[in-house]
Amino acid sequence: MSKEITNNPEMPEQLSDILLVLDKEKMKIQAVKSIDENGKMETVDPTKKNQNQFMRVDKNGDVFSNFFSNFFSQLKNPTNFSFFKVPAPVAVEKAQEMQKQVDKPTPEGEKVMKEHEVKTELQQDKKQENQNNMATTQTTPETSEYRYKPEQIDWDTMKNLGLSKEYLEKRNLLDPLLRGYKTNELLPIGINFGGSVLRTDARLSLQQAEDGNVIVAIHGIKKEPNLHFEFFGHKFTDEDKKNLLEMGNMGRVVNLTNSKTGELMPSIISIDRLTNDVIALRTDFIKIPDEIKGVKLNDEQKQTLMEGKPLKLDGMISTKGTEFSATVQFNADKRYVEFLFDRNNSNRQTQSNGQSNQQSQPQEAPKTFRGKELTDEQHKDFKAGQTVYMAGLVDKKGQTYNGYITFDKDTGKTGFEFPNQYKERMQPIEAHKTQIAVNSEGKTNEATKNINEPLKSGQQRPKNKQQQEQQEKPETPAKSKGRKM
């Protein structure tokens, strides 16, 4: 975005508005000054002293919508911010009013925030129209608002999966869940079936059931994408399958059919490379940036990407300042333009084994981890997908540390957790062991052996005064079974 667009002091004040921003990490209202070519936003304190530095934007609705759409698409980490448009003459006063609302929320202040909040097209149109119609298609959630609240989540179910609110927050995975996205990484989960516990890796998302309750959806890893059957009315051609398996993206727009209304939905299709799910995204939700790594896109290039096709770009500049070339393409699962590096080499390797999808290939478990060799016993368990404890690992500064590793055969990746993370994740599952052992396996727990009732979920000791009395009651000696003479 040019400097003239981002900060135009010549625009008459009465015809312009000021763009304010709330940084959700710092919880501070600032005035937007500009955005650089790397997508980093520059802000200033919203004071009268800095008024001549405020970004001024046209009041006209259509002009502003186009401007903000471009601004937003170039912004780095857009979900960290909420934006507000206020009249220039009262910008400082409105900023102060909003900061008070951030510090001490009130119903009146909330109305002011909503009145001036700016939403992208992604937030404004059809935000839940597609929610339950396409099982493997996520609608684009509101960017600066949350679709769900933490209290709507069934945390008992999360505990049964071996997860907690604190664990998700530490891994920065709760925020995307609340916004309606899937987790951007696989999570090791444990599913308690009463008599056994299944441990696997999966992506999670939140979905709203027909009764209005929010449920946890588990997106497990599939051996390969299911491309043999129709996908919302679309039958995959041989070319479609080849593109999806080799590149991860189908490379064209097709009309998918809404299974409930029969509406045709122009969409692009990609493969979730973590789970091998087939993912579709309506073209309404595709946003193409004005430039990629220093290369400004012309209308023809933008149209190519809008149609889901790959595009070769030369003269891009890396973060280290070196020039490079690469093929880029819009990915329906990631919802952004991705780089397709070294795809051809990896494709030739997988095709020689009879498959084109690299992620579905079984990978050999490494014998070493971060420079430390596994013992034969550790490697056997590690190769089988079990969690292995590693002691004496050494960081870059020569300090030792310990942790747990788990190998994913499908992706070939090794997951690592520090001891406190592992303990926190496993604690809910460990809590159920006593219940299963006593109720299902006929074993005895010393702390509850005299209690007549079945143990409840996670119970390891008497739960009330009545059970405590039962536990403390002396055992009655067994009666003799001898015959009378």
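Nothing in this text is a laboratory measurement; each read-out follows from the coordinates by a stated rule. Quantities reported herein were computed from a predicted structural model and do not represent experimental measurements. Because the Cβ atoms are built from the backbone with ideal geometry, glycine has one as well, and the counts that use them run over all protein chains shown.
Brief remarks follow.
- Low-density loop cleavage sites - chymotrypsin sites (Phe, Trp or Tyr not before Pro) in the stretch 269-343, where at most 13 other Cβ are within 10 Å (DSSP): F341
- Put a dot 7 Å past the Cα of Q468, heading toward its Cβ, do the same for Y336, and the two dots end up 5.5 nm apart.
- Relative contact order for the stretch 150-220, counting Cα pairs under 8 Å that sit 6 or more residues apart, in percent: 29
- Put in line by how crowded their Cβ is, counting other Cβ atoms within 10 Å and starting with the fewest, M41, M158, M27 read M27, M158, M41.
- At an R0 of 22 angstrom, the distance between the Cβ atoms of Q51 and D103 translates into a FRET efficiency of 0.45.
- R0 of 25 Å, Cβ-Cβ distance D284-N80: FRET efficiency to nearest 0.05: 0.55
- Virtual spin-label span in nm between S164 and R252, 7 Å along Cα→Cβ: 5.2
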